[in-house]
Amino acid sequence: YVLGLMVIISPWTYRNYQVFDEFVFISTNGGSNLYRANNELAEGGYMEKGKVVLENKTELEENHEYKELAKEWIFNHPGDFLVLSFRKMILFLGDDSTGVYTSMKRSAITPSSELTYYLGKLLSSMFWVFLWVIILIKSKTLDLELTQNKNLVPIALSFLYFLTVHSVFESNSKYHF
């Protein structure tokens, strides 16, 4: 896995080093994303801007300054950060009905009844419920334990990875996709 990631990320990292004369693994907006997700205005989901908006800075200057602002806010507001992280987990684990909501509730297309809307929401989320039920059934019927079966480890680790990332950065169920 690590070798595969290195093959994919290395050309972009090399390109960034050539352009910025500094190691930037993938993008220069990590600091901005971290700050917008962790400031006194943050609510857990996407925000266009945080309380502080930096102007007249280079990409790298913005990246570094926003990262410092985020770390400062997190350090000075640990309780708020934990509450916000929990809210982000709830958003991440939420339903997958963003498309249904967008097409039926926010657009000009209106459902003939609320029942249509709620059925769409239910169907959108059933994929994940179905997937987790299958994993649970398979692990019980085959008497598998996560620590004893190497096939379940990647599933658990990928889930924990994304849950952790989206507990710190912005979150939404759309990241299931």
TODO: Return one whole number: the accessible area per residue of the chain in Å², for a 1.4 Å probe.
DONE: 72 Å²
Open item on the list: How large a share of the accessible area of region 21-120, in percent, is made up of carbon and sulfur atoms when the probe is 1.4 Å and the other protein chains stay in place?
Closed with: 58 percent
Task: Shape metrics for region 1-60, restricted to C-alpha atoms - Rg then Dmax, Å - done: 14.7, 40
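Run the numbers on the chain and let me know its relative contact order in percent, using alpha-carbon pairs under 8 Å that are six or more apart.
The normalised contact order for the chain reaches 27 percent.
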- [ ] Compute the long axis of helix 153-168 from its Cα atoms, compare it with the longest principal axis of the Cα atoms of the chain, and write down the angle in degrees, 0 to 90, nearest 10.
- [x] 50 degrees
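Roughly speaking, what is the stretch gain from ILE26 to LYS49, that is 0.36 nm per residue apart minus the C-alpha to C-alpha distance, in nm to one decimal? Write down the numbers at each step before the final one.
Details: separation 23, 0.36 × 23 = 8.28 nm, distance 2.11 nm.
Gain on extension, ILE26 to LYS49, equals 6.2 nm.
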Task: Separation in nanometres of the label points that stand 7 Å from Cα toward Cβ, at PHE130 and LYS57 - done: 4.6 nm
Open item on the list: Which one, VAL19, VAL83, VAL129, has the greatest fluctuation when you compute a Gaussian network model over the chain with C-alpha springs under 10 angstrom?
Closed with: VAL19
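Seen from all sides and averaged, what is the projected area of the convex hull of the Cα atoms in the chain, in nm²? Could the numbers behind the result be given before it?
Details: hull surface 58.9 nm².
Projected over every direction and averaged, the Cα hull of the chain covers 14.7 nm².
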- [ ] Starting at the first residue of region 83-99, write each ³J(HN,Hα) from the Karplus equation 6.51 cos²θ - 1.76 cosθ + 1.60 with θ = phi - 60°, in whole Hz, x for Gly and Pro.
- [x] 4, 5, 4, 5, 4, 5, 4, 4, 4, 5, 7, x, 6, 9, 9, 4, x
Task: trypsin sites (Lys or Arg not before Pro) lying in DSSP loop within region 9-50, provided at most 16 other Cβ fall within 10 Å - done: LYS49
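The values are calculated or read from the model by the stated rules, or taken from the named source; none is laboratory data. A quick note: this is a predicted structure, and the numbers were derived from the prediction, not measured. Here Cβ is always computed from backbone atoms with ideal geometry, including for glycine, and neighbour counts include all displayed protein chains. Keep in mind that these areas ignore ligands, DNA and RNA; they rest on the heavy atoms of the full protein, side chains included. Shrake-Rupley method; radii C 1.70, N 1.55, O 1.52, S 1.80 Å.
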